[in-house]
Amino acid sequence: LLAIVPYFVTVTLNSYGVTEEALAVVSAGEEAGTGDVSRTAQYFRLLKMARIVKTLRIIRIFKLARHSTGLQALGNTMKANYKELGLLFLLLGMGAIMFASLIFVFEKEDPNSTFKTMFDSYWWAIITMTTVGYGDVTPVTGFGKVLGCFCAIFGVLVIGLPIPIIGNSFNKFYARQKRWEKKETLAAQRRSQNLTRSNLQKISIDEKDTLSVRGL
């Protein structure tokens, strides 16, 4: 249902004249000093809503899980290990709050600091703990760099702890799914063979009946 809703929403908006061309004309009229500003704002809100709803089409990709053993095993793994995943995100969140607060205290007084707000500190802490390291926000003081080292080590340890548990669970579910698919294939083959045998027996019975009738 969510996959087809964007299409009908787009059709409805187009029926009311909310299209790219109409918005371009309205925007040009507003820049020239004419046109209704509230109507223009409403059109833009509707268009943004339509674009957001259109992105829901990406949900269709989850249909591949019906035909993929790996995706089914991954989904079962997520369901079975939600406690471990929750613990992982909890530890990452606690570490992000702790290291972001400390790095902001050490770096905010430096004139060359890139930590302008606490959001920059949270971004840096999460990126450092996940060992991505974009480099857009970096510490410049000595204490900040030392703290960055501890933040990276903490992130590696936290992420590395539950990974073996989740990996073993995934292997277990994957092997179980493969066994189930193999059983289904063998069962289908047996049903096909039984159907063929029953058809052959029916044909042989019909032939015998025909021969008996001719003999009479």
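Looking only at the stretch 160-187, count every residue that is among the polar types (S, T, N, Q) and surrounded by fewer than 13 Cβ atoms within 10 Å (Cβ to Cβ) and tell me the total.
Of the stretch 160-187, the ones among the polar types (S, T, N, Q) are 168-169, 171, 177, 185.
From the residues that got through so far, the ones that are surrounded by fewer than 13 Cβ atoms within 10 Å (Cβ to Cβ) too are 168, 171, 185.
So the answer is 3.
For the stretch 68-81, check the following and say yes or no: at least one residue is of a type in the set (D, E, K, R), part of a helix (DSSP H, G or I) and in contact (Cβ under 8 Å) with a residue 24 or more places away in the chain. Steps first, answer last, please.
Step one: list which residues in the stretch 68-81 are of a type in the set (D, E, K, R), which gives 79.
If we keep only those that are part of a helix (DSSP H, G or I) as well, we get 79.
Okay, now just the ones that are also in contact (Cβ under 8 Å) with a residue 24 or more places away in the chain, so none.
No: the stretch 68-81 contains no residue that is of a type in the set (D, E, K, R), part of a helix (DSSP H, G or I) and in contact (Cβ under 8 Å) with a residue 24 or more places away in the chain.
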### Task
Residue by residue through the stretch 106-159, note down the ones that are farther than 24 Å from Leu88 by Cα, open to solvent by 20 Å² or more (accessible area, probe 1.4 Å), outside any helix (DSSP H, G or I) and touching a residue at least 24 places away in the same chain (Cβ under 8 Å).
Asp110, Asn112, Thr114, Thr138, Pro139, Val140, Thr141
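The values are calculated or read from the model by the stated rules, or taken from the named source; none is laboratory data. Model, not experiment: these values are computed from the prediction. Here Cβ is always computed from backbone atoms with ideal geometry, including for glycine, and neighbour counts include all displayed protein chains. To get the accessible areas, we keep the full protein, side chains included, count just its heavy atoms, and leave off ligands, DNA and RNA. Shrake-Rupley method; radii C 1.70, N 1.55, O 1.52, S 1.80 Å.
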